[in-house]
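Down below is the structure, laid out as structure tokens.
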Amino acid sequence: MSELEIAGLDKSYRTQDVLRGLDLSVDAGSFVSILGPSGSGKTTLLRIIAGFERADRGSVRLRGDVVDDATHFVNSEERRIGYVPQDGNLFPHLSVEANVGFGLARRDRRGKRVSELLEMVGLGGLAERYPHQLSGGQQQRVALARGLAIDPALVLLDEPFSSLDAGLRASVRHDVRHVLKDAGTTTILVTHDQDEALSLADQVAIIRHGCISQYDAPAKLYAKPATPELAREFGNVNFVKGVMHGNDVDTALGRLELDDPSSIPGAREGASLLVLIRPEQIVLADAASTATRARVLDTEFYGHDAVVKLRANFDGATTLVARTSHATELPDRDSEVGVSVRGGVVAWLDETVA
């Protein structure tokens, strides 16, 4: 069952088009990330869902009911949506308990509901403290508890971890996801952080130029991006050219198996393809053991793994990036290594070929 259905959403500010015919469906109980750069329209989308702004065209449905279209608009306070802004936006003069209970009826503001929420977000003993007495992570937990206080069917998170340092961000977002999953709450997170989107969400929607470019499970977004441009959004990429041969593609790195040849629109025998090879697919070996060789330009050691930058010998110009888990056995700079590719590859028709 869908908790949220958005169809044909348009939104402009004066002469600037922000959202352009955007469609999105969010299942009840799921965690969805909206991933996009600044100016892509992701925060505008969240504000329209919340009822803080009205769409120019299109419709928004919550639990099957229209809350925004050409003839109907439901105010934000009537939508039963929890909203957690980027900075938490806590009231500095109110205690933690009062902040969490602010949206409740007066008789419930010091009741069982508030106590249960504080326990849920790990702040059970801090009810009487004030925002300035809390760490950044604790303040975000208070903001989350306040968003959950009205027992919302949908919670919207507007880059709530961006102001936290890297170490704290990872732990807080992990805890927040568990709180929301345990509560069975449908959640939409807006972020520009790729790691955040992929690690937290059941589904990720990539928003570009006001519309959804791809909407898939995180693993599929990484393994099978819809376009070369989207492939670049998720870490380092290697692109090589090749020629389609049955279910394979012939490249300078050898004949590689295509993951899904039928998914390449217009592909045929002999077609020129642009092939995506992820860094972890490149295998390094002794130079004498493979037909294809490359020269080591640089290495970057990260402890758990390492990145090796290469220049391919087959044309002396193509650069490759390999990621290896054998971080303690890195080749020397300027040495020659053998390279091969493991696993299937994704490809598109090469648009540079007429």
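Tabulated data for the structure shown
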{"read-out": "Candidates LEU284, LEU320, LEU274, LEU258, filtered to the one that is crowded, with 17+ Cβ neighbours inside 10 Å, more than 26 Å from the chain's Cα centre (by Cα), closer than 29 Å to ALA226 by Cα and not basic (Lys, Arg)", "value": "LEU284"}
{"read-out": "Matching residues, the range 232-243, being over 29 Å from GLY36 (Cα atoms), open to solvent by less than 20 Å² (accessible area, probe 1.4 Å) and without any contact (Cβ under 8 Å) to a residue 60 or more places away in the chain", "value": "none"}
{"read-out": "Selection count, the range 175-218, where residues are touching a strand residue (DSSP E or B) at 6+ places or on another chain (Cβ under 9 Å), farther than 14 Å from ASP23 by Cβ, touching a residue at least 60 places away in the same chain (Cβ under 8 Å) and of a type in the set (Gly, Ala, Ser)", "value": "3"}
{"read-out": "Output for the range 39-55, where each listed residue is in a helix (DSSP H, G or I) and aliphatic (A, V, I, L, M)", "value": "LEU45, LEU46, ILE48, ILE49, ALA50"}
{"read-out": "Index of the failed condition, ALA143 passing every other in (1) open to solvent by 40 Å² or more (accessible area, probe 1.4 Å); (2) aliphatic (A, V, I, L, M); (3) closer than 26 Å to GLY39 by Cα", "value": "(1)"}
{"read-out": "Residue tally, condition touching a strand residue (DSSP E or B) at 6+ places or on another chain (Cβ under 6 Å) and surrounded by fewer than 23 Cβ atoms within 10 Å (Cβ to Cβ), over the range 13-25", "value": "6"}
{"read-out": "Hits in the range 95-126 (condition: touching a Leu at 6+ places or on another chain (Cβ under 6 Å) and among the small types (Gly, Ala, Ser))", "value": "GLY124"}
{"read-out": "Residue match in the range 215-231 (condition: part of a strand (DSSP E or B) and either over 18 Å from THR319 (Cα atoms) or open to solvent by 40 Å² or more (accessible area, probe 1.4 Å) (or both))", "value": "yes"}
{"read-out": "Pairs with Cβ under 9 Å, 6+ apart, first in the range 10-38 and in a strand (DSSP E or B), second aromatic (Phe, Trp, Tyr)", "value": "ASP23/TYR215; LEU24/TYR215; SER25/TYR215; VAL32/TYR215"}
{"read-out": "Filter pass, GLY246 being open to solvent by less than 40 Å² (accessible area, probe 1.4 Å), modelled with pLDDT of 90 or more and more than 30 Å from ASP195 (Cα to Cα)", "value": "yes"}
{"read-out": "Residue count, the range 146-168 (criterion: surrounded by fewer than 20 Cβ atoms within 10 Å (Cβ to Cβ) and in a helix (DSSP H, G or I))", "value": "3"}
{"read-out": "Close pairs (6 angstrom Cβ cut-off, 6 or more residues apart or separate chains): farther than 20 Å from THR251 by Cα and without any contact (Cβ under 8 Å) to a residue 24 or more places away in the chain in the range 322-348, open to solvent by less than 90 Å² (accessible area, probe 1.4 Å) and part of a loop (DSSP other than H, G, I, E, B) anywhere", "value": "SER325/ASP305"}
{"read-out": "Selection status of PHE73, open to solvent by less than 70 Å² (accessible area, probe 1.4 Å), aromatic (Phe, Trp, Tyr), touching a Leu at 6+ places or on another chain (Cβ under 7 Å) and on the phi < 0 side of the Ramachandran plot", "value": "no"}
{"read-out": "Residues located in the range 111-126, provided they are open to solvent by 20 Å² or more (accessible area, probe 1.4 Å) and either at pLDDT below 75 or under 19 Å from VAL84 (Cβ atoms) (or both)", "value": "GLY111, ARG113, GLU116, GLU119, MET120, GLY122, LEU126"}
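Here's the yes/no breakdown for (1) in contact with a helix residue (DSSP H, G or I) (Cβ under 7 Å, 6 or more places away or on another chain); (2) under 25 Å from LEU45 (Cα atoms); (3) among the polar types (S, T, N, Q):
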position: GLY122; (1), (2), (3): yes, no, no
position: GLN133; (1), (2), (3): no, no, yes
position: ALA145; (1), (2), (3): yes, yes, no
position: LEU148; (1), (2), (3): yes, yes, no
position: GLU159; (1), (2), (3): no, yes, no
position: LEU164; (1), (2), (3): yes, yes, no
position: ARG173; (1), (2), (3): yes, yes, no
position: THR187; (1), (2), (3): yes, yes, yes
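The values are calculated or read from the model by the stated rules, or taken from the named source; none is laboratory data. Because the structure is a prediction, the values reported are computed rather than measured. In this analysis, Cβ positions are derived from the backbone assuming ideal geometry, glycine residues included, and neighbour counts consider all displayed protein chains. Heads up: the accessible areas ignore ligands, DNA and RNA and are worked out on the full protein's heavy atoms, side chains in. Shrake-Rupley method; radii C 1.70, N 1.55, O 1.52, S 1.80 Å.
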